[in-house]
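Note sheet for the following structure.
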C-alpha cells in the first residue's frame, strides 16, 4: 500500500432536475489495514462513468434500488489486488469489479460476480470497463438478442460514438448490416464513420427539428430502418420510429435525453402497431447468462483490432463529478473513465 | 337466388378527421348469373364491423394497403353457398370469408384463405365472425403468444366488452390470471364482471383524468400489471404503463382512441426501459400459423358455453355505415354485426 487514505465520492443530495457537482461530497477515510478471511483489498486504476448512474441518483421507481445518500457512489472499476485473504486472488492480480467512486475497496472474494480476475495479455485493463465490459455486453445483448439483425438490414444506433453505441455499430457491421449512427457534433460523426466504419452518421446538433431529422434519416437509411438500438430517446427516437420498417425491433437501452427533467413523450405510439414493431427495454446485469458468449466475441474483436473504441480519461478522482455531468451532456468522446491511481 | 341485385357499400371519400356516413356510398349492382370454373357464389348472412377498417380508410402508411376508393368496403362475412363451380363447395354450405360490405360475392374457391367451410353444429354461424373468428384469434394470439401470462399474474385489457377484449379476459381467466377490464360505461362494466367473469372492470368514463385512472387501476390491480392487451391507447395506455410491473408485456392490438385526428403521445416512454417492458404490435392475419390451435381452443370454449360473448346486430345493410361509426365511438356492445340476409 502506498497510501493509507481512501478518497471517496458520496452522494450528498438527490438532484432536483439537472445533477450538479454539489450533489456529491468528497471524503477521505482510512484504508482498512486488516482483512477478514475471504476478503480482498483492491486498488482501483480506473473508474467507469456511465449514464445509468444518473437514474440511480433519483429516489424513483426504476430498475434498481436508488443509490443511498451518504454512501459511496456505485460504479464499475478495474484495478489490482494489493492484499488478499482469498485463495482465488493473489497480490498483483488485475481485476474488474463494482468498486465504486473510490480509490480502494475491500471486497468479499466469495460474493458472486463482485470481483473477477481478467487477462491483460491482449486486452488492456481499462477495456474491461468498456468494449470488453458492461458497455460491450450491453451492446451485444441489445443488438444480438433483441434486435436480431440480419445481413442487409439497416441498424440505427444513437449515442453512436459512446462506449455502447460504438460497439453496437461495429457488431452490426460484422453481421453484414448497413449501420447508421446518430451523434452530437461533426467530430464525433467523423470518428464514427472514418474510424469505426459506420456507413453513415447523423449529427443531431445539425438537425434541430423533426423535418430535418426525418430528411437526414431518409438519406442515411434509404431502405428504412429495421433495428434501432436506442440510447437517447426523445426527438431522435421519434424520428427513428417514423422511419421504421414493418416488423422492426427496438432495443431500449437508455433514454438519456429524459434522465433530467420532464419525460419526453413518444409522439406517435400508433406506429408501433401499424408497423408491428417490437420494443424491449433491458438492463444487461439481468442477463448474466449471455456474458460469457458476449465477452468471448468482444474480447476477440478487441484483441484482433477489429473492435475499436476511444476513451476520455479524467486524470484525478477529484474530477469524477464534473466528468460525470459532462457525460450526461455528451461532452465526453467514447468511454468516460476516471484515473484513480 | 331470391334476388338479382346486390347492395354494396363503396368507400366514397377518405375521411378528414372523423369518418362520416357521407364517406360511404350505397350502390346496387346485378348479381352475376354465370360463374366461371372454380368460382363460388356466396349469399352473406352477416357482415363483421371491426375497428381496423377505419385505418384502411386512410391513405396512410399502415399495416395494409388502403381501402381503394369507389370499391366495395372490405370486411369479414359469413353466409351460405348459393351456387358453386368448385368441387369443395356445395350449395347450402355455411362459409366464412372476406366478402365485404355487400349482400353477395363471387369468390375464387381456390384462393387460399378467402373462403372456408365451417361447422355450425355446435357454434352458431355469426360466432365465426367473433369469438371463433378473427377477433377471437386476435385475442388468443396477443394474449397467448405475446403476453404469455402465467397463473397468478394480472392482465389488463381495454375495450373489455368488445369482441376481442371479452375473449382476452376469458382466455386469461382460463389461465388462472387476475383479469381487469377497462370499458366505457357502467352497463358494459357490469357485463364484463358479472357475465364474462372478469375480476374487476374500470369504467373509464368515470375516471377522466390521470390521477383518477391511476387510483382506479391501483385498486383493481393491487399487485401491479404484468400483461396488457391494448385495444385503445391514449390515456388508458398511459395509466396502465405507470402501473406495469417489471418485465411486463404489452400486446398492442389497437389504438382506437387515436384512429381519428391527431396521434395521442405516450407520456413517459422511459417506463418501458425502467420496467424492462416488451411491447409488440401485431395484426393477426400475419400469424396464420396459430389459427388452427387458436380456433380449436376458442371453438371448444364457445361450444361448451365457457366463452361468452354478446352481439350487437344492425338489422339491414343500409345501417352499416352508421353502425360502423358507432363502433368507433364505443356505442356497440360486444361484437358489432350487420344482418345482410
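Looking at segment A:3-17, which of its residues are under 17 Å from residue A:317 (Cβ atoms), modelled with pLDDT under 95 and not in a strand (DSSP E or B)? Before you say what the answer is, go through the steps one by one.
Here is the first cut: in segment A:3-17, the residues under 17 Å from residue A:317 (Cβ atoms) are A:3-12.
Checking which are modelled with pLDDT under 95 leaves us with A:3-5.
The answer is A:3, A:4.
Any chance you could count how many residues in segment B:294-341 are closer than 16 Å to residue B:256 by Cβ and assigned to a helix (DSSP H, G or I)?
Of the residues in that region, 6 qualify.
Checking residue B:180 against (1) more than 18 Å from residue B:251 (Cα to Cα); (2) not assigned by TED's automatic domain parsing to the domain that holds residue B:38, which test does it fail?
(1)
Inspect all residues belonging to segment A:219-226 and state whether any of them is in a helix (DSSP H, G or I) and either surrounded by fewer than 15 Cβ atoms within 10 Å (Cβ to Cβ) or in the same structural domain as residue A:333 (by TED's automatic domain parsing) (or both).
Yes, segment A:219-226 contains a residue that is in a helix (DSSP H, G or I) and either surrounded by fewer than 15 Cβ atoms within 10 Å (Cβ to Cβ) or in the same structural domain as residue A:333 (by TED's automatic domain parsing) (or both).
When segment B:104-113 is examined, which residues are found to be loosely packed, with under 14 Cβ neighbours inside 10 Å, touching a residue at least 40 places away in the same chain (Cβ under 8 Å) and within 23 Å of the chain's Cα centre (by Cα)?
The answer is B:113, and nothing else.
Would you list the strands (runs of 3 or more DSSP E) that sit entirely within segment A:18-101 and hold 2 or more residues that are over 15 Å from residue A:6 (Cα atoms)?
Values: elements: A:24-30, A:39-48, A:77-84, A:94-97.
In segment A:18-101, the matching strands (runs of 3 or more DSSP E) lie at A:39-48, A:77-84, A:94-97.
Among the residues of segment B:187-203, count how many are outside any strand (DSSP E or B), surrounded by fewer than 23 Cβ atoms within 10 Å (Cβ to Cβ) and touching a strand residue (DSSP E or B) at 6+ places or on another chain (Cβ under 6 Å).
Total satisfying the criteria: 2.
When the residues of segment B:114-132 are filtered to those that are touching a residue at least 60 places away in the same chain (Cβ under 8 Å) and touching a helix residue (DSSP H, G or I) at 6+ places or on another chain (Cβ under 8 Å), which remaining residue is surrounded by the fewest Cβ atoms within 10 Å (Cβ to Cβ)? Break it down into steps so the answer makes sense when it comes.
First, pick out the residues of segment B:114-132 that are touching a residue at least 60 places away in the same chain (Cβ under 8 Å): B:115, B:122-123, B:125-127, B:129-132.
Okay, now just the ones that are also touching a helix residue (DSSP H, G or I) at 6+ places or on another chain (Cβ under 8 Å), so B:122-123, B:127, B:129-132.
Numbers: B:122: 12, B:123: 20, B:127: 25, B:129: 27, B:130: 31, B:131: 29, B:132: 30.
Here the residue is B:122.
Look through segment A:307-322, keep the residues that are closer than 15 Å to residue A:50 by Cα and either surrounded by fewer than 20 Cβ atoms within 10 Å (Cβ to Cβ) or modelled with pLDDT under 95 (or both), and return whichever of them is farthest from the chain's Cα centre (by Cα).
Here the residue is A:319.
Step by step: first the residues of segment B:262-288, then only those that are over 14 Å from residue B:248 (Cβ atoms), facing another protein chain (nearest Cβ under 7 Å) and touching a helix residue (DSSP H, G or I) at 6+ places or on another chain (Cβ under 6 Å), then the one that is modelled with the lowest pLDDT. Which residue is that?
That would be B:263.
Report whether or not residue A:216 is outside any strand (DSSP E or B) and either surrounded by fewer than 22 Cβ atoms within 10 Å (Cβ to Cβ) or within 7 Å of chain B (Cβ to nearest Cβ) (or both).
Working: outside any strand (DSSP E or B): yes; either surrounded by fewer than 22 Cβ atoms within 10 Å (Cβ to Cβ) or within 7 Å of chain B (Cβ to nearest Cβ) (or both): yes.
Answer is yes for this residue.
Only one of (1) within 14 Å of chain A (Cβ to nearest Cβ); (2) in a loop (DSSP other than H, G, I, E, B); (3) free of Cβ contacts under 8 Å to residues at least 12 places away in the same chain is not met by residue B:232, so which one is it?
Looking at each condition in turn, residue B:232 falls short on (3).
The values are calculated or read from the model by the stated rules, or taken from the named source; none is laboratory data. Values in this document were obtained by computation on a predicted structure and should not be read as measured data. Positions of Cβ are backbone-derived with ideal geometry, glycine not excepted, and every protein chain shown enters the neighbour counts.
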